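What follows is calculated from the coordinates using simple rules that are stated; it is not laboratory data. If you're wondering where the values come from, they're calculated on a predicted model, not measured in any experiment. Neighbour counts run over all protein chains shown; Cβ positions are idealised from the backbone, glycine included.
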Amino acid sequence: MVAARAELISAICICTEQTFTEASTTPEKFCTAFSTALHVYVGSTLESTVNKKIRALPWEDYKDRWNLADSELHECMIEIIMSHPLRLNASA
């Protein structure tokens, strides 16, 4: 359950980063651009890779709770998210 929440958080972060960095969207166009990014991300090899890395973290050590104050786990999630950007444009 905790890993599933982490997978959701990573999907939101990765798709949001793509929307702002690559799609250069305006606030009015954010929903459409984010929806496109999410559609591409779900079911992709990128999602599979990210989720495997998240599931490999020591979740059992946290007794079914995810303490965001735990800096080691927090740093691991940041590293996973930042090292797996979603790119829809080959030039980006």
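Computed values, structure above
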{"quantity": "Per-residue HN-Hα couplings for region 34-44 [Karplus 6.51, -1.76, 1.60; θ = phi - 60°; Hz; x = Gly/Pro]", "calculated": "5, 4, 4, 4, 5, 4, 6, 5, 5, x, 7"}
{"quantity": "Least to most buried among L8, L46 (fewest other Cβ within 10 Å first)", "calculated": "L8, L46"}
{"quantity": "Isotropic mean projected area of the C-alpha convex hull, region 7-82 (nm²)", "calculated": "5.6"}
{"quantity": "Environment charge at T36 (Cβ cut-off 13 Å; Lys +1, Arg +1, Asp -1, Glu -1)", "calculated": "+1"}
{"quantity": "Student exercise, region 7-82 dipole from Lys, Arg, Asp, Glu Cβ charges, in Debye to nearest 20", "calculated": "220"}
{"quantity": "For region 46-58, Karplus couplings with θ = phi - 60° (6.51, -1.76, 1.60), whole Hz, Gly/Pro x", "calculated": "4, 4, 4, 4, 4, 5, 4, 5, 5, 5, 7, 5, x"}
{"quantity": "Exposure proxy order (Cβ contacts within 10 Å, fewest to most) of I78, I54", "calculated": "I78, I54"}
{"quantity": "Fewest-first ranking of V2, V42, using other Cβ atoms within 10 Å as the exposure measure", "calculated": "V42, V2"}
